[in-house]
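Here is the structure we will look at.
The values are calculated or read from the model by the stated rules, or taken from the named source; none is laboratory data. Everything quoted here is computed from the prediction, not taken from an experiment. Neighbour counts run over all protein chains shown; Cβ positions are idealised from the backbone, glycine included.
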Amino acid sequence: MAVNLRDFFIALSENKVLIAGAQKFGLRLGAQSVVAGTNVDEVVKTIKRLNNQNISCTVDNLGEFVFEEAEALEAKKNILNVIEVIHAEKLDAHISLKPTQLGLNFDKEFCYNNLRDIVGTAHKYGIFINFDTETHETLYESFDLMERLHEEFDNVGTVIQSYFFNAQENIERFKDYRLRIVKGAYKEPADLAYTDKADIDANYLKLIEYHLLHGKFTSIATHDHNVIAHVEKFVKENNISHDKFEFQMLYGFRTEMQEDLATQYNFCTYLPFGKDWYGYFMRRLAERPQNMELVVKQVFNKKTNTMLGVAAAAFALGRITKRK
Ligand SMILES: Cc1cc2nc3c(=O)[nH]c(=O)nc-3n(C[C@H](O)[C@H](O)[C@H](O)COP(=O)(O)OP(=O)(O)OC[C@H]3O[C@@H](n4cnc5c(N)ncnc54)[C@H](O)[C@@H]3O)c2cc1C
């Protein structure tokens with residue numbers, strides 16, 4: 001059942017019609033619990049509140065699977081605006097971005113130029129830019145772009161997904177970078193990635209240990225208390241200094257645990273915001289169908305019912321096609 005629900009929500013996350021509908025409706029389906037607003041003013045308020053709790057933020061101006069130049073340029077403008085605000089307001093925050101939002105799916109050089117504008121501006125202010133990793137289809141192009149920018153700017157890093165068989169190879173390639181390590185959020189083919197949770201978890205621990213021992217800086221991004229307990233023990237036993245790593249979690253998840261970890265370690269909350277909240281939110285439901293509670297709480301909202309009804313019907317009729 002869990003596997004079917006995962007497929008269901010991942011398919012929904014990529015559906016063009018529903019993405020457009022969600023943009024029209026604004027934050028719905030309970031997404032407001034895990035998305036920090038639709039505009040910069042709202043996100044700044046949240047960053048200030050979290051900074052006061054000793055929590056740093058990585059800000060994601062939501063958007064992905066972009067296929068038009070104008071849309072990618074709009075995304076770049078929004079990200080540059082967030083960078084200016086982080087600098088002007090002296091916020092403890094950096095940027096997470098998805099290269100497909102900036103044109104990677106249709107023009108690699110155009111995407112590179114957009115990324116260069118962003119990374120160059122952030123570099124001027126000493127702000128770090130994280131390249132979030134998406135599906136295997138764009139993974140290596142994204143890695144290449146980041147590596148190319150790293151020749152010019154040192155404020156870039158990326159994410160290693162432990163479900164890939166060759167994640168160890170990826171982590172060794174980027175040993176000298178600041179890296180976020182995650183389990184992996186997308187549906188990947190069985191010839192490229194582990195599908196069994198135990199295998200993904202075992203590889204996850206192996207990669208974290210490797211980068212803690214050999215890498216530059218490690219962001220351990222998980223809500224899994226077993227992994228966190230393992231890391232706490234590992235850093236103690238291996239005398240790994242607290243300034244070599246941080247824990248990261250997504251905004252709105254395990255909030256008490258986030259606040260507690262921030263009293264002992266470097267801690268960073270991933271803060272998504274913007275009108276393109278829908279794909280992000282559906283992937284969170286895919287990971288953990290219990291997150292449906294967030295939706296159920298909104299069930300008396302009429303528009304929510306309409307959206308869910310349309311979504312379920314479209315899925316059942318097999319009309320949902322994977323976006324390229
Ligand atoms: C900051 C951050 C950035 C990320 N960036 C990327 C990225 O760039 N690319 C990418 O592919 N993926 C990314 N991810 C998603 C990641 O790959 C996983 O899909 C996601 O984090 C779920 O895995 P998990 O390690 O949190 O724990 P899971 O394997 O989902 O859960 C393990 C156990 O932890 C407990 N648990 C988990 N969540 C909760 C909860 N909300 N409440 C109570 N208990 C809970 C449960 O006991 C569960 O069985 C990111 C995740 C985070 C936190």
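Quick notes on this one:
- The residue that is surrounded by the most Cβ atoms within 10 Å (Cβ to Cβ), counting only those in segment 136-162 that are within 15 Å of the ligand (Cβ to nearest atom) and among the aromatic types (Phe, Trp, Tyr), is Phe143.
- Checked against (1) touching a residue at least 24 places away in the same chain (Cβ under 8 Å); (2) part of a helix (DSSP H, G or I); (3) closer than 29 Å to Leu139 by Cβ, Glu42 passes all but a single condition, namely (3).
- Selection of segment 85-101 for residues being within 15 Å of the ligand (Cβ to nearest atom) and touching a helix residue (DSSP H, G or I) at 6+ places or on another chain (Cβ under 9 Å) yields Ala93, His94, Ile95, Leu97, Lys98, Pro99, Thr100, Gln101.
- Among the residues making up segment 102-133, those that are acidic (Asp, Glu) and either buried (at least 24 other Cβ atoms within 10 Å of the Cβ) or over 24 Å from Gln248 (Cα atoms) (or both) are Asp107, Glu109, Asp117.
The rows are residues; the columns are (1) out of contact with any helix residue (DSSP H, G or I) (no Cβ under 7 Å at 6 or more places or on another chain); (2) more than 19 Å from Glu169 (Cβ to Cβ).
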residue: Lys187; (1), (2): no, yes
residue: Ala193; (1), (2): yes, no
residue: Ile200; (1), (2): yes, no
residue: Leu205; (1), (2): no, no
residue: Glu209; (1), (2): no, no
residue: Ile220; (1), (2): no, yes
residue: His223; (1), (2): yes, yes
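- Pick from segment 163-184, criterion touching a helix residue (DSSP H, G or I) at 6+ places or on another chain (Cβ under 9 Å) and in a helix (DSSP H, G or I), ranking: farthest from the ligand (Cβ to nearest atom): Glu172
- Qualifying residue in segment 238-251 (condition: within 12 Å of the ligand (Cβ to nearest atom), surrounded by fewer than 19 Cβ atoms within 10 Å (Cβ to Cβ) and basic (Lys, Arg)): no
- Residue under evaluation Ser219, criteria (1) within 13 Å of the ligand (Cβ to nearest atom); (2) small (Gly, Ala, Ser); (3) surrounded by fewer than 19 Cβ atoms within 10 Å (Cβ to Cβ), criterion not met: (3)
- Among residues of segment 52-91, those that are under 18 Å from the mean Cα position of the chain (by Cα), farther than 17 Å from Arg116 by Cα and among the small types (Gly, Ala, Ser), counted: 2
- Among residues of segment 45-90, those that are charged (D, E, K, R) and part of a helix (DSSP H, G or I), counted: 9
- Any hit, segment 283-299, residues being modelled with pLDDT of 95 or more and surrounded by 13 or more Cβ atoms within 10 Å (Cβ to Cβ): no
- Just one of the listed residues (Ile208, Ile200) is buried (at least 20 other Cβ atoms within 10 Å of the Cβ), within 16 Å of the ligand (Cβ to nearest atom) and β-branched (Val, Ile, Thr), namely Ile208.
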